[in-house]
Amino acid sequence: MASLTVLFLILSVVTSSYGAAIHYTGANQYDETLARRMLHMSAAAYSQSPQNCFNQTFPVGQNWQVRNDFNTRCDFIKDFCSAFIAVSDDQREIVIAFRGTNTNGQLFLEGWDSLAPEILFNNMGHVMKYFYDGFQKVWPEISEALMNNDNNYDVIFTGHSLGGALASLAAAQTVAQAYRSKEQVKLITFGQPRVGDYNYAMAHDRFVPYSYRVVHKADLVPHLPGCSEVNNDCANKDSAPYHHGIEVWYTDGMAPDAHYELCSDGPTDEDRYCSNDMADKDYSIADHLHYFEHMVSHYGENGCVDGAIVSCACSFSLVLFCLILLVSYRNE
């Protein structure tokens, strides 16, 4: 099957409340209310003022405060990797959210360095080089925040698209390096690409048992970079991309009562009957940009209030078509 890796070079560039406290509901139980809150936080990572999204999402009495909001140069062309860290001392909780791709140049490097997992990560397995390099730039801020807050504070990592990949690495390292126990960490991502190989995926599942990858219908990015297929299933193959965690597949829209599948059939973490069943079918760019009925980046930029959006569908489709003609990557 022809891989869709080339589309990863261009897709993320277009991406430029709930009152209850955050609490565990079981070791591996998906909580849609929590996921909807974390979509707000993932959107907030695109904003210059993420505090506005907290003010829209949580009651005043919970006293959520953005303690760190930072941009760090993360590649040789001086692009930025961005994240924010918010704390509620009243709830004894921390949210750490990562932003997606920032510029065209960053997007190109991201795709070029993400054709195959090649960097060993905490002896868990191999991960994509660009994700690893970007993560290394932001980790000092995160580790400092984790050390400066009470160890009893639970932590939720989140992000959309590239932000989801960085959140994956951050959650895994937090447990692997004993900043928190695995019971204190949650990971919820949206439209996350594959981050590493099979060994990383299996280790990640052990380190971060509460890990959910939310996928909107025909979103393209969760299928990038392409896995190595055997009999139409993603296979355990050395140095081949492979997903971790449990996919939550919203099969037909993401309205409040929308149907979703908790994808736990085989192969592990790459359920053949969930979004992988759409291979070589009608993948969607729009489904990647929209989660829980919000255009993620614009929603965050507007302070988690829906606003007018200027469409770029025509020009983007033209660029997409040209790149498909120029570049193709095929799994062996």
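Please verify whether Ala201 is surrounded by 21 or more Cβ atoms within 10 Å (Cβ to Cβ), hydrophobic (A, V, I, L, M, F, W, C), at pLDDT 95 or above and out of contact with any Pro (no Cβ under 6 Å at 6 or more places or on another chain), treating the condition exactly as stated.
yes
Residues to consider are Asp287, Asp271, Asp233; find the one that is of a type in the set (D, E, K, R), buried (at least 19 other Cβ atoms within 10 Å of the Cβ) and either in contact with a Cys (Cβ under 8 Å, 6 or more places away or on another chain) or under 25 Å from Glu118 (Cα atoms) (or both).
Asp271
Gly245 versus (1) open to solvent by 10 Å² or more (accessible area, probe 1.4 Å); (2) under 22 Å from Ala43 (Cα atoms): which is the lone unmet condition?
Looking at each condition in turn, Gly245 falls short on (1).
Looking at the range 276-283, is at least one residue surrounded by 20 or more Cβ atoms within 10 Å (Cβ to Cβ) and within 17 Å of the chain's Cα centre (by Cα)?
Taking every residue of the range 276-283 in turn, none turns out to be surrounded by 20 or more Cβ atoms within 10 Å (Cβ to Cβ) and within 17 Å of the chain's Cα centre (by Cα).
Where residues in the range 168-185 are hydrophobic (A, V, I, L, M, F, W, C) and under 14 Å from Ile96 (Cα atoms), which of them is surrounded by the most Cβ atoms within 10 Å (Cβ to Cβ)?
Ala172
For (1) small (Gly, Ala, Ser); (2) modelled with pLDDT of 90 or more; (3) open to solvent by 30 Å² or more (accessible area, probe 1.4 Å); (4) touching a Leu at 6+ places or on another chain (Cβ under 6 Å), each residue gets a yes or a no:
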site: Thr33; (1), (2), (3), (4): no, yes, yes, no
site: Arg37; (1), (2), (3), (4): no, yes, no, no
site: Ala43; (1), (2), (3), (4): yes, yes, no, no
site: Gln48; (1), (2), (3), (4): no, no, yes, no
site: Phe54; (1), (2), (3), (4): no, yes, no, no
site: Thr57; (1), (2), (3), (4): no, yes, no, no
site: Asn68; (1), (2), (3), (4): no, no, yes, no
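In the range 298-310, which residues are modelled with pLDDT of 90 or more and either acidic (Asp, Glu) or within 20 Å of Leu224 (Cβ to Cβ) (or both)?
Matches in the range 298-310: Glu301 only.
Quick test of your reading of the structure: Ile188 fulfils all but one of (1) open to solvent by less than 10 Å² (accessible area, probe 1.4 Å); (2) more than 30 Å from Asp282 (Cα to Cα). Name the failing condition by number.
(2)
Is there a residue being out of contact with any strand residue (DSSP E or B) (no Cβ under 8 Å at 6 or more places or on another chain), hydrophobic (A, V, I, L, M, F, W, C) and surrounded by fewer than 18 Cβ atoms within 10 Å (Cβ to Cβ) anywhere in the range 205-224?
no
The values are calculated or read from the model by the stated rules, or taken from the named source; none is laboratory data. All figures in this text were calculated on a predicted structure; none of them were measured in a lab. Here the Cβ is made from the backbone with ideal geometry for all residues, glycine too, and neighbour counts use every protein chain on show. Keep in mind that these areas ignore ligands, DNA and RNA; they rest on the heavy atoms of the full protein, side chains included. Shrake-Rupley method; radii C 1.70, N 1.55, O 1.52, S 1.80 Å.
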